[in-house]
1. Give me the pairs, please: first residue somewhere in region 14-30 and farther than 16 Å from residue 66 by Cβ, second residue anywhere and open to solvent by less than 30 Å² (accessible area, probe 1.4 Å) and part of a helix (DSSP H, G or I), beta-carbon distance under 6 Å, and either six or more positions apart or on two chains.
2. Sort out which residues of region 12-34 are farther than 14 Å from residue 51 by Cα, more than 11 Å from the chain's Cα centre (by Cα) and not small (Gly, Ala, Ser), and write them in order of number.
Amino acid sequence: MLLIIGTIRLPAENVAAARGAMTAMATASRREDGCIEYGYAEDVLDPGLIHVKERWRDRAALDAHFQAPHIAAWRAAWPTFGIGERSLTLYEIDAGRAI
């Protein structure tokens, strides 16, 4: 399984405008074969900092995601919302366990 954790940053005053595009991206991604989890969360202490968390079944599923039309549309919208800073890290993990 693959886990992607990271952040994107946009001006705090643009978060409300970006919410629709983020919702569309997350909704479409969650429908993809091999997507286990996909979400964004705004940091309550740092307005404009968006936490990203994704889990994918395998590399083939993630590679297909990178080719999906909705990811191209999302990336094309970044300048509109002022998304500049992006920091994502990919981890290979096992299935995990509840604690």
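The values are calculated or read from the model by the stated rules, or taken from the named source; none is laboratory data. Note that this is a predicted model, so its numbers are computed, not measured. Neighbour counts run over all protein chains shown; Cβ positions are idealised from the backbone, glycine included. Surface accessibility is based on the protein's heavy atoms, side chains included, excluding ligands, DNA and RNA. Shrake-Rupley method; radii C 1.70, N 1.55, O 1.52, S 1.80 Å.
1. Listed by first residue and then by second, the contacts come to 14/81; 18/81; 21/77.
2. Correct list: 13, 14, 31, 32, 33.
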